[in-house]
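**Student:** To start, I am sharing the structure in question, which I have written as structure tokens.
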Amino acid sequence: MPPDYFEEEEFETRFTGKTLRRILGLLAAHKGTVAAFLVMIAFVSGFDALFTYISKLAIDQGILKSDLPFLYRMLALYGGLTIVQALFVFGFIYTVGILGERIRYELRQKMFNHLQNLSLSYYSRTPVGWIMARVTSDSDRVADLVTWGLLDVTWAATNILTSLAFMLYINWRLALVVILMVPVMAYVATEFRKRILKEYRNVRKINSKITGQYNENITGVRVVKALVREEANAAEFAVLTGDMYKAAYRAAWLSALFLPSVQLISAMAVGFIAWYAGWSFEVAGLTIGGIQAFISYVTFMMWPIQDMARVFAELQHATASAERIFSLLDSVPEVADREGAYDPGSIRGDIEFDHVTFYYEDGVPVLKDFTLKVKQGETIALVGPTGGGKSTIVNLLCRFYEPKEGTIRIGGVDYTKFSLHAIHSRIGVVLQTPHLFSGTIRENLRYGKLDATDEEIERAAKLAGAHEFIMRLDKGYDEPVGEGGNNLSVGQKQLISLTRAILADPEIFVMDEATSSVDTLTESLIQKGMEQMMKGRTSFVIAHRLSTIKRADRILVIEDGQIVEMGTHAELLRQRGKYYNLYTRQFRQEMEEVFDPFGETQQAAQPAD
Ligand SMILES: Nc1ncnc2c1ncn2[C@@H]1O[C@H](COP(=O)(O)OP(=O)(O)OP(=O)(O)O)[C@@H](O)[C@H]1O
């Protein structure tokens with residue numbers, strides 16, 4: 001789903017002082033830079049007002065009184081200030097550009113570091129798209145607010161204030177009339193901006209739905225055709241594009257109306273000034289230059305007012321973005337080191353689940369009073385129906401989650417006394433569909449041990465049984481794996497992951513066997529690699545293959561978070577209980593052909609008459 005989708009589904013918050021303070025706090029480390037660009041922008045904007053006043057002086061005292069030296073002095077002053085202003089403009093654009101990038105970088109870095117520390121529970125309840133939108137568009141929006149937004153407001157405020165000051169100086173009565181006009185113009189501009197922004201958000205929202213539908217219909221084109229959904233899909237799509245057209249139409253209509261409206265108000269003000277000035281030219285002595293200056297001030301004041309209105313309209317959305325970023329940064333990892341957590345140097349030893357209860361969601365227990373003792377070096381195979389709790393047992397062992405009740409002990413010590421690093425760095429995990437990162441095979445293998453030499457990597461790959469297939473690839477170890485390892489099969493990914501694990505030389509080994517079909521050659525290679533890994537290590541395998549199950553020291557049948565049967569393959573078959581039923585159904589043929597050529601199990605596997 002495109003990140004925009006989550007973005008646009010988000011709520012909009014009311015602007016709060018607390019969040020604004022926290023947003024401005026992002027600038028705390030850059031006070032000097034902020035002060036520099038604010039001063040520069042204030043000068044640039046002050047100069048604009050000054051230019052108009054210089055023109056007034058040039059007209060009144062230079063042109064009308066034919067004082068050429070004065071006129072030249074004014075022109076020289078104007079020219080000189082223009083150069084200074086150009087330097088300041090360069091300065092603030094450069095400074096703000098750099099500062100914006102810096103804030104964006106810091107926000108993303110903070111979020112990334114924090115995301116690395118968050119527990120799996122955070123990821124299971126937070127959609128990836130939501131997180132991506134925080135890291136991309138939200139950080140952009142907040143960085144823009146504290147740089148360009150702040151700059152626009154400063155520029156506009158200085159511009160309006162200096163213009164008003166000059167107007168008060170030229171003719172205070174007329175200036176007061178203009179002051180009355182400012183809030184009217186500000187109100188109209190803010191209302192327009194808010195509505196335009198809302199319509200454009202609508203357009204984007206519908207657009208992300210359209211992209212989503214395109215995506216689903218293209219990737220699922222076979223299903224669409226098989227179910228003859230073409231017409232129904234086209235009708236749904238037409239509704240969406242219709243909505244999009246209406247929203248875009250409203251946005252275009254409002255945008256078109258905006259500028260002429262503001263211009264009309266400012267023209268009315270100019271008209272009033274011309275009328276009043278014509279009268280006071282004779283009565284109150286307003287000069288021609290003064291009238292021209294007033295008209296310029298009023299006409300140019302339109303832009304800063306508009307700019308301010310835009311920033312204020314965007315402020316609400318930027319605050320909502322910031323709140324979402326802060327909510328991410330404030331989320332506390334559920335699994336974290338306890339005070340005094342230590343590294344025992346090794347986590348070899350017996351493992352014990354002592355009356356462990358666990359749930360992901362309150363009131364939906366997955367493991368209930370689960371007790372299990374595993375001897376150092378034992379191989380445990382976990383089997384059972386889907387959703388029974390096998391992965392949960394393994395997740396708890398790896399301390400990706402912690403028991404809600406009860407204790408898990410490693411070598412007789414409650415494992416929450418150990419640091420997370422001590423545990424994670426000594427457990428090797430091979431997932432069902434291991435994740436590979438874009439890059440070469442070698443880079444992916446090195447992920448298990450960053451300082452591994454090429455020789456070490458090759459030795460580990462040979463032990464894992466991955467070397468042969470890697471050498472068959474065009475570039476061998478330097479073959480790119482594609483995004484997420486797409487260029488490799490699931491079995492090959494498991495071989496890579498096994499090699500990683502062998503390189504890391506863990507003390508406990510955990511594997512979730514691939515369920516999807518793996519060709520016979522790769523399967524036997526995976527078996528070989530697993531054997532290597534299991535040697536002398538306590539191992540837990542969520543087993544889907546008979547060869548693994550038969551080799552395990554103990555098989556645990558897990559159902560509804562309970563161990564319903566436990567024993568060796570032969571013992572469990574003899575019991576003719578759940579395991580017997582599960583595997584006679586699932587593996588009967590395989591059992592007959594591969595593992596029981598003399599027909600003993602076949603007899604045992606025959607349901608009793
Ligand atoms: N992150 C999660 N959040 C909420 N519930 C979860 C989460 N992970 C698993 N569950 C639930 O916990 C129960 C046990 O799931 P678990 O993945 O441990 O079973 P499993 O035996 O490994 O299943 P499978 O063989 O399909 O992998 C299921 O009901 C599942 O829906």
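**Student:** Which residue is surrounded by the fewest Cβ atoms within 10 Å (Cβ to Cβ), if the candidates are limited to region 207-232 and must be among the hydroxyl-bearing types (Ser, Thr, Tyr) and under 23 Å from Lys246 (Cβ atoms)?
**Tutor:** Tyr214
**Student:** From Ile549, Ile508, which residue is within 16 Å of the ligand (Cβ to nearest atom) and closer than 17 Å to Gly377 by Cα?
**Tutor:** Sole residue among the options that is within 16 Å of the ligand (Cβ to nearest atom) and closer than 17 Å to Gly377 by Cα: Ile549.
**Student:** Here's another thing I want to ask about it. Just a yes or no: is a residue in region 327-338 more than 27 Å from Val135 (Cα to Cα) and not acidic (Asp, Glu)?
**Tutor:** Yes, the conditions are met somewhere in region 327-338.
**Student:** Is it the case that Arg204 is within 26 Å of Lys246 (Cβ to Cβ), touching a Lys or Arg at 6+ places or on another chain (Cβ under 6 Å) and either touching a residue at least 40 places away in the same chain (Cβ under 8 Å) or not charged (D, E, K, R) (or both)?
**Tutor:** no
**Student:** Return a yes/no flag: does region 166-174 have any residue that is outside any helix (DSSP H, G or I), within 16 Å of the ligand (Cβ to nearest atom) and in contact (Cβ under 8 Å) with a residue 40 or more places away in the chain. Talk me through it step by step, then tell me what you get.
**Tutor:** Narrowing region 166-174 to residues outside any helix (DSSP H, G or I): 171.
Imposing the further condition that a residue be within 16 Å of the ligand (Cβ to nearest atom) reduces the set to none.
No - not one qualifying residue is present in region 166-174.
**Student:** Output yes when any residue across region 101-117 is away from the ligand (no atom under 16 Å from the Cβ), surrounded by fewer than 15 Cβ atoms within 10 Å (Cβ to Cβ), in a helix (DSSP H, G or I) and among the hydrophobic types (A, V, I, L, M, F, W, C), and no when none is.
**Tutor:** For region 101-117, residues away from the ligand (no atom under 16 Å from the Cβ), surrounded by fewer than 15 Cβ atoms within 10 Å (Cβ to Cβ), in a helix (DSSP H, G or I) and among the hydrophobic types (A, V, I, L, M, F, W, C): present.
**Student:** On to the next question. Does any residue of region 79-91 turn out to be within 16 Å of the ligand (Cβ to nearest atom) and not charged (D, E, K, R)?
**Tutor:** Checked against the condition, which is being within 16 Å of the ligand (Cβ to nearest atom) and not charged (D, E, K, R), region 79-91 yields no hits at all.
**Student:** Which of (1) more than 14 Å from the ligand (Cβ to nearest atom); (2) not assigned by TED's automatic domain parsing to the domain that holds Tyr415 is the odd one out, the single condition Glu513 does not satisfy?
**Tutor:** (1)
**Student:** Just checking, which of Glu352, Glu323, Glu339 is modelled with pLDDT of 85 or more and exposed (fewer than 15 other Cβ atoms within 10 Å of the Cβ)?
**Tutor:** Matching residue, one of Glu352, Glu323, Glu339: Glu339.
**Student:** On to the next question. Considering region 365-386 alone, what residues qualify as being at pLDDT 90 or above and within 8 Å of the ligand (Cβ to nearest atom)?
**Tutor:** Val366, Leu382
**Student:** So, one more: Does Ala267 satisfy the condition of being touching a Phe, Trp or Tyr at 6+ places or on another chain (Cβ under 9 Å) and part of a helix (DSSP H, G or I)?
**Tutor:** Spelling it out, it is not the case that Ala267 is touching a Phe, Trp or Tyr at 6+ places or on another chain (Cβ under 9 Å) and part of a helix (DSSP H, G or I).
**Student:** Quick check on region 411-427: of everything there that is among the hydrophobic types (A, V, I, L, M, F, W, C) and part of a strand (DSSP E or B), which residue is farthest from Phe400 (Cα to Cα)? Quick ask: steps written out before the conclusion?
**Tutor:** First, pick out the residues of region 411-427 that are among the hydrophobic types (A, V, I, L, M, F, W, C): 413, 418, 420, 422-423, 427.
If we keep only those that are part of a strand (DSSP E or B) too, we end up with 413, 418, 427.
Working: Val413: 18, Phe418: 13, Ile427: 11 Å.
So the residue we want is Val413.
**Student:** Can you name every residue in region 68-93 that is loosely packed, with under 14 Cβ neighbours inside 10 Å and either among the acidic types (Asp, Glu) or within 20 Å of Leu26 (Cβ to Cβ) (or both)?
**Tutor:** Of everything in region 68-93, nothing turns out to be loosely packed, with under 14 Cβ neighbours inside 10 Å and either among the acidic types (Asp, Glu) or within 20 Å of Leu26 (Cβ to Cβ) (or both).
**Student:** Now for a separate question. Please pick out the residue among Tyr123, Tyr200 that is surrounded by fewer than 16 Cβ atoms within 10 Å (Cβ to Cβ) and assigned to a helix (DSSP H, G or I).
**Tutor:** After applying the criteria, what remains is Tyr123.
**Student:** Next up: Are any of the residues in region 101-123 of a type in the set (Ser, Thr, Tyr), modelled with pLDDT of 90 or more and over 30 Å from Ala336 (Cβ atoms)?
**Tutor:** Taking every residue of region 101-123 in turn, none turns out to be of a type in the set (Ser, Thr, Tyr), modelled with pLDDT of 90 or more and over 30 Å from Ala336 (Cβ atoms).
**Student:** Looking at Tyr415, Tyr401, can you tell me which residue is surrounded by 17 or more Cβ atoms within 10 Å (Cβ to Cβ), modelled with pLDDT of 90 or more, among the hydroxyl-bearing types (Ser, Thr, Tyr) and more than 16 Å from the ligand (Cβ to nearest atom)?
**Tutor:** Tyr415
**Student:** Identify the single condition in (1) surrounded by fewer than 22 Cβ atoms within 10 Å (Cβ to Cβ); (2) within 21 Å of Ser547 (Cα to Cα); (3) not aromatic (Phe, Trp, Tyr) that Thr440 does not satisfy, given that it satisfies every other one.
**Tutor:** The one condition Thr440 does not meet is (2).
**Student:** Take Ala143 and decide whether it is touching a residue at least 24 places away in the same chain (Cβ under 8 Å), under 30 Å from Ser296 (Cα atoms), of a type outside the set (Ser, Thr, Tyr) and in contact with a Gly (Cβ under 8 Å, 6 or more places away or on another chain). Walk me through it before giving the result.
**Tutor:** Working: touching a residue at least 24 places away in the same chain (Cβ under 8 Å): yes; under 30 Å from Ser296 (Cα atoms): no; of a type outside the set (Ser, Thr, Tyr): yes; in contact with a Gly (Cβ under 8 Å, 6 or more places away or on another chain): yes.
Against the criterion (touching a residue at least 24 places away in the same chain (Cβ under 8 Å), under 30 Å from Ser296 (Cα atoms), of a type outside the set (Ser, Thr, Tyr) and in contact with a Gly (Cβ under 8 Å, 6 or more places away or on another chain)), Ala143 does not qualify.
**Student:** Got a number for residues in region 340-361 being touching a Phe, Trp or Tyr at 6+ places or on another chain (Cβ under 9 Å) and within 16 Å of the ligand (Cβ to nearest atom)?
**Tutor:** Summing the residues that are touching a Phe, Trp or Tyr at 6+ places or on another chain (Cβ under 9 Å) and within 16 Å of the ligand (Cβ to nearest atom) in region 340-361 gives 5.
**Student:** Moving on. Looking at region 186-193, can you tell me whether even one residue there is within 26 Å of Ala267 (Cβ to Cβ), assigned by TED's automatic domain parsing to the domain that holds Trp275 and surrounded by fewer than 16 Cβ atoms within 10 Å (Cβ to Cβ)?
**Tutor:** Within region 186-193 (the criterion being within 26 Å of Ala267 (Cβ to Cβ), assigned by TED's automatic domain parsing to the domain that holds Trp275 and surrounded by fewer than 16 Cβ atoms within 10 Å (Cβ to Cβ)), the answer is yes, since at least one residue qualifies.
**Student:** What's the number of the condition Ile131 fails, among (1) surrounded by 15 or more Cβ atoms within 10 Å (Cβ to Cβ); (2) more than 16 Å from the ligand (Cβ to nearest atom)?
**Tutor:** (2)
The values are calculated or read from the model by the stated rules, or taken from the named source; none is laboratory data. Every value quoted in this text rests on a predicted model; they were computed, and no experiment measured them. FYI the Cβ positions are ideal-geometry reconstructions off the backbone, even for glycines, and counts take in every protein chain you see.
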